[in-house]
DNA sequence: AGCCCTTTTGAACACTGTTCAGAAGGCGTG
DNA sequence: CACGCCTTCTGAACAGTGTTCAAAAGGGCT
């Protein structure tokens, strides 16, 4: 019962990743287990440990695929002439992923490493570039802003977007009346960007930027 | 080995909730288990099922306590004369909780019910009042805004704040250089509120609200 | 003293991720 | 062709999880 050799090791890895994707998409996060993935593949559970270090490692590979497709779409939008429109398109991709592929999205953003281990470099690179893409648009939007201001702005804006997606994915929005996540995202982008780009081209300590300070 | 009767049923419930709080605060979410809670209480695991329906029910009671103390502090801030200052104070409470009590905060906001069950009404009431408190401040800030606008604004603003806290709690901010969560929260509130309160007192379809509309 | 009724438990069930000795099978060499 | 090697793969076990339930243990009442 060894070496059927129907597939090479990289093929098996891709097969396992795909199995997790469909399993999670179909049944949700709770049904994901090593034994179920192995069962669907037609192998014994222990075999998966020859392809990946452990379940966390397998999940990280699945998440890398998800992030890659998200980053690809965001990169494609970064070429738009209007940076505000580019950011809006990117935010919509982000939100759409959390809506259309909620379990896969949760697997990316709500999975925690066991025993508090650090995420490997090949994975951290992807999350890092997410913020970089946003920063690049902020630079186009307000070239006068300092790098520090751009970094803060990108993290604030995308952190805020992330929060809306989190609430959406967890069905926390229909409590006390429905709220349209799309409208929330648009509201966040429009209002935040408007005042951010309008006020960051002043000296940092200028308290009178809003007309009447305090 | 039955009926020591050292404590009444409500006392035991409070004891169990307290045990979970200290256990989670000390060891983190991963170490929380029925068996460990029972061990610390000096009882057999099965006894806990006479106090609570299941682990989810116990966790919900713990979370209700956490939410109550948060809501109390937010309520206290709602009396400030400046609604913008009140919202800022509330947001800082929210962030501080996610920083000083990260595991307890995660237990509240990242715990999902098993088998997708609905949260009970006595719990949903608390999460609902969180948004209501924010809406009340938005009403003071922009009395001319419609209820619809206030609801959208409150969810957008607090969803955004929530996202920053999520990133903070998951250590996703120090990727690619540290970002101060406090500065992010302040940035979000200042910029969003400034443009939100400045533009919501127009007719809904007014495209020229930002001076030059695209 | 005997009964009842609540409180509490031990043991079991069905899961989970992970490890590891050893089996199974393809491949190169004698 | 046969032998041995080496990779692939598995079965079984370990330690853990939430949950259930018959039965035991003990306090209170008649």
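Rounded to two decimals, what is Rg over Rh for chain B when you use alpha-carbon atoms and the Kirkwood radius? Don't skip to the answer; put the middle values down first.
Working: Rg = 21.0 Å, Rh = 19.6 Å.
Taking Rh as the inverse mean 1/r over Cα pairs, Rg/Rh reads 1.07.
For a quick check, take a GNM of chain A with Cα springs below 10 Å and name the residue from A:198, A:89, A:142 with the largest mean-square fluctuation.
A:198
Any idea what the relative contact order of segment B:93-183 is, in percent, if you count C-alpha pairs under 8 Å spaced at least 6 apart?
39
Return an integer: the convex hull volume of the alpha-carbon atoms of segment B:51-109, in Å³ per residue. Before the final figure, lay out the partial values.
Working: hull volume 4.4 nm³, N = 59.
Enclosed volume per residue, from the Cα hull, is 74 Å³.
Hey, for residue B:120 with labels 7 Å out along Cα-Cβ, what do the inter-copy distances come to in nm, ordered shortest first?
For residue B:120, the inter-copy label distances come out at 4.4 nm.
I'd like the distance separating the alpha-carbon centroids of segment B:5-78 and segment A:126-189, in whole Å.
Each part's Cα centre sits 35 Å from the other's.
How high is the relative contact order of chain B, given as a whole-number percent (alpha carbon pairs under 8 Å, six or more residues apart)?
With pairs under 8 Å counted, the relative contact order is 18 percent.
Please report, to two decimal places, log10 I(q)/I(0) for segment B:47-148 at q = 0.11, 0.16 Å⁻¹ as given by the Debye formula with identical point scatterers on the Cα atoms and no solvent.
-0.42, -0.77
Provide B:36, A:26 in ascending order of the number of other Cβ atoms located within 10 Å of each residue's Cβ, fewest first. Could you put the intermediate results ahead of the total?
Values: B:36 15, A:26 9.
The most exposed by this proxy come first: A:26, B:36.
Any idea what angle helix A:55-77 forms with the longest principal axis of chain A, computed on alpha-carbon atoms, 0 to 90 degrees, nearest 10?
Approximately 40 degrees, to the nearest 10.
Find, to one decimal place in angstroms, the Kirkwood hydrodynamic radius of the protein assembly as shown, where the mean of 1/r is taken over every pair of different Cα atoms and then inverted.
Across the protein assembly as shown, the inverse of the average 1/r is 23.6 Å.
Per residue of B:109-116, how many C-beta atoms from partner chains lie within 10 Å of its own C-beta, taken as a mean?
Whole-number average of other-chain Cβ neighbours for B:109-116 is 3.
So for segment B:1-88, what are the equivalent ellipsoid semi-axes in whole Å, largest first, each being the square root of 5 times an eigenvalue of the Cα gyration tensor?
Equivalent-ellipsoid dimensions as semi-axes: 34, 14, 10 Å.
Which three lengths, in whole Å and largest first, does segment B:120-181 cover when its Cα atoms are put on their principal axes?
Principal-axis extents of the Cα atoms in segment B:120-181, largest first: 41, 33, 14 Å.
With the Cα gyration tensor of segment B:8-52 in hand, convert its eigenvalues to equivalent ellipsoid semi-axes via √(5λ) and list them largest first in whole Å. Mind showing how you got there, number by number?
Values: eigenvalues 60, 26, 12 Å².
Over the Cα atoms of segment B:8-52, the ellipsoid semi-axes are 17, 11, 8 Å.
If the label for residue A:27 sits 7 angstrom from Cα along the Cα-to-Cβ line, what are its distances to the same label in every other copy, in nm to one decimal, shortest first?
2.9
Which distances, in nm and shortest first, link the residue B:42 label point to the same label point in every other copy, taking 7 Å along Cα→Cβ?
From this label point to the equivalent ones elsewhere in the assembly: 5.9 nm.
Each value in this text was obtained by applying a stated rule to the coordinates, not by laboratory testing. Treat the numbers as computed from the prediction; the structure is a model and nothing was measured. Neighbour counts are summed over all protein chains in view; Cβ atoms, including those assigned to glycine, are modelled from backbone coordinates with ideal geometry.
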